[in-house]
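Data block below; observations after.
Please treat every number below as a calculation from the coordinates, not as lab data. Worth saying up front: this structure is predicted, and the values here are computed from it rather than measured. Neighbour counts run over all protein chains shown; Cβ positions are idealised from the backbone, glycine included.
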Amino acid sequence: MTGSLQLPSAALLVTALLFAACGGGAADRGTPGSDPQAQAPADSSAGSSEASDPASLPVTVADIDRWKKGMEAELAVVRESGEKLKSAKSGEDTLSALMGVQEMATIPAGARAAGIDEERYKAVRSNLSAAVAYLTPHLGGIDTTLLSAEQRDEMRRMNAAQLEQLKGAVPGEVVEALKPNAEALRKQEIELSGARLKGAGI
């Protein structure tokens with residue numbers, strides 16, 4: 001097999017997987033009209049089997065720091081894979097480096113850094129990501145400066161309603177704890193998403 005024949009198809013494959021993993025990208029969250037149920041997890045109150053599953057439990061204030069540490073670890077993996085891509089000498093090396101920037105490859109490192117298992121980490125990052133996006137609609141979404149005062153008020157009401165929909169997974173006290181650091185966490189998440197694309201050569 002030659003690298004020149006495999007590289008285009010490998011890059012296209014990983015590009016498609018990256019966009020699928022991102023679920024449309026960070027910019028799609030926190031905007032008016034987005035579906036809160038798409039961000040919210042299944043109701044964790046349904047059945048004792050779910051209650052005994054750590055991944056189904058609501059996030060806690062302590063999970064905020066776990067998520068931050070997890071994103072830092074994921075970013076390190078992505079950057080390492082990006083360096084490997086630069087020095088790749090074969091199609092196999094290139095494909096390995098491209099696969100290394102995907103969420104499926106970085107989540108284990110994030111979970112280890114967070115000190116929780118992978119399923120719990122995925123739940124934490126998903127729920128906190130949704131909450132932070134609703135708290136910072138001006139980041140990675142539409143330009144709120146282009147909206148009228150009435151439109152901004154409507155956006156705030158809609159995002160508040162979406163946070164209410166998340167309360168089973170992200171309790172009120174967690175939302176309050178997120179608020180002072182929501183912008184920094186959102187920027188960190190956007191940086192990670194951008195690094196994935198850059199690491200894949202996009």
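Working only within region 62-106, note down all residues that are assigned to a helix (DSSP H, G or I) and among the hydroxyl-bearing types (S, T, Y).
Correct list: S81, T94, S96, T106.
Select from region 86-127 the residues that are more than 18 Å from K68 (Cα to Cα) and among the small types (G, A, S) and write down the one among them that is surrounded by the most Cβ atoms within 10 Å (Cβ to Cβ).
Step by step, filter region 86-127, then rank; the result is A97.
Can you tell me which of E189, E173 is loosely packed, with under 15 Cβ neighbours inside 10 Å and either of a type in the set (V, I, T) or touching a residue at least 24 places away in the same chain (Cβ under 8 Å) (or both)?
E173
Taking A130 as meeting all but one of (1) buried (at least 20 other Cβ atoms within 10 Å of the Cβ); (2) in a loop (DSSP other than H, G, I, E, B); (3) aliphatic (A, V, I, L, M); (4) touching a Lys or Arg at 6+ places or on another chain (Cβ under 9 Å), write down the number of the exception.
(2)
What are the pairs, 6+ residues apart or on separate chains, where a residue within region 123-144 that is more than 15 Å from K167 (Cα to Cα) has its Cβ under 9 Å from a residue that is crowded, with 22+ Cβ neighbours inside 10 Å and of a type in the set (V, I, T)?
Every condition considered, the pairs that remain are L139/V132.
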